[in-house]
Amino acid sequence: MPKPCPVPGTVVVMTGTLALVGGREWTEGCTFDEALVAGVTEVLVLPSALAYENPAAAVDRARAWFGRWGVAVSVLDVYRRAEALEPGPAERAADAQMVYVVGGSPMHLRSVLKDTPLFDAIVGAWRAGATVAASGEAASVLSSHMVDSRGGAYTVGLDLIETMTVIPRSNGWSPEKLHRTVELARPGLAVVAIDEATALIHSPDGTWRVEGAGNVTVYRDGHPADLADLPSLLRPEPA
């Protein structure tokens, strides 16, 4: 397992843990989940990205998975932007110990959460010490420079992460599409390719580590880079 890698000379702002999962969440390769829920009694699952698929099946998998460690799962049934604008979901997210945002349609997830009290509450909970996990396309949507998996170019994301961007399910990408995404990144922006059942985890002290079944590859300025090249801060300064 790679050791945590702080960036020398960087001021670290304490937050909760952020886990960026490459996809295929809640499967046997996701060895990191047990540590993520240590001390947690309940995980709040947000399946908004699955609005047009089968969110109930994902929730059932989450309950079976986290139940092995005695952790309960509750669901934030928010599938439309109007629901994310209501106060109730934001209040639940603000009080959560851990929020897990499920992958699916990145464009729908962005349209539901962007500039809403719900997303502000998720960010606020994370800044106050809660754990936030985002899997698959949800991990990419958290970035300001969100990767559009349809063609590998960039579009606007949710702005939690300004200093890097994420390619989820990278083990399924062609070399050509991966190269296009890396080449299109603006100068200095770290591009992180995360395999399925694999997590890139940002700890409260600003360090990064990789856990799970696959690999994480870092690129910067068009070239392979190291985990140590990832920024300690996800944003230049606290929001």
What chymotrypsin sites (Phe, Trp or Tyr not before Pro) does region 25-64 have in DSSP loop regions with at most 13 other beta carbons within 10 Å? Tyr52
Show me the three semi-axes of the equivalent ellipsoid for region 46-109, from the C-alpha gyration tensor (sqrt of 5 times each eigenvalue), largest first, rounded to whole Å. 20, 16, 8
Lys/Arg Cβ at +1, Asp/Glu Cβ at -1, dipole of region 18-229 taken about the Cα centre: which of Ala93, Val71, Val37 is farthest positive-ward? Ala93
Treat each spin label as a single point 7 Å out from the Cα along the C-beta direction, and report the Val156 to Asp60 distance in nm. 3.8 nm
Among residues other than Leu200 whose Cβ falls under 9 Å from its Cβ, what is the net charge (Lys/Arg +1, Asp/Glu -1)? 0
Quick one: net charge of Gly152's neighbours, Cβ under 14 Å, K/R +1, D/E -1? 0
Could you compute how fast region 108-239 diffuses translationally, taking Rh as the Kirkwood radius over C-alpha pairs and applying Stokes-Einstein at 25 °C with viscosity 0.890 mPa s? Give it in µm² per second. 164 µm²/s
Measure out, as a whole number of angstrom, how far apart the alpha-carbon centroids of region 168-239 and region 38-68 sit. 25 Å
By how many degrees, between 0 and 90 and to the nearest 10, does the Cα long axis of helix 117-127 differ from the longest principal axis of the chain? 70 degrees
Nearest 10 degrees is fine. How inclined is helix 55-67 to the longest principal axis of the chain, computing both from alpha carbons? 90 degrees
Sticking with the crude label model, points 7 Å out along Cα→Cβ, report the distance from Trp69 to Leu184 in nm, one decimal please. 3.5 nm
Connecting C-alpha atoms closer than 10 Å in a GNM of the chain, tell me which of Thr155, Thr15, Thr198 has the biggest fluctuation. Thr155
Counting only helical runs of four or more DSSP H residues, what would the 222 nm mean residue ellipticity of the chain come to if each run contributes -39,500 (n - 2.57) and the total is spread over all its residues? -7000 deg cm²/dmol
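Values in this text are rule-based calculations from the coordinates and carry no lab data. No experiment lies behind these values; they were computed from the predicted model shown. Ideal geometry is used to build each Cβ from the backbone, glycine not excepted, and the neighbour counts take in all protein chains shown.
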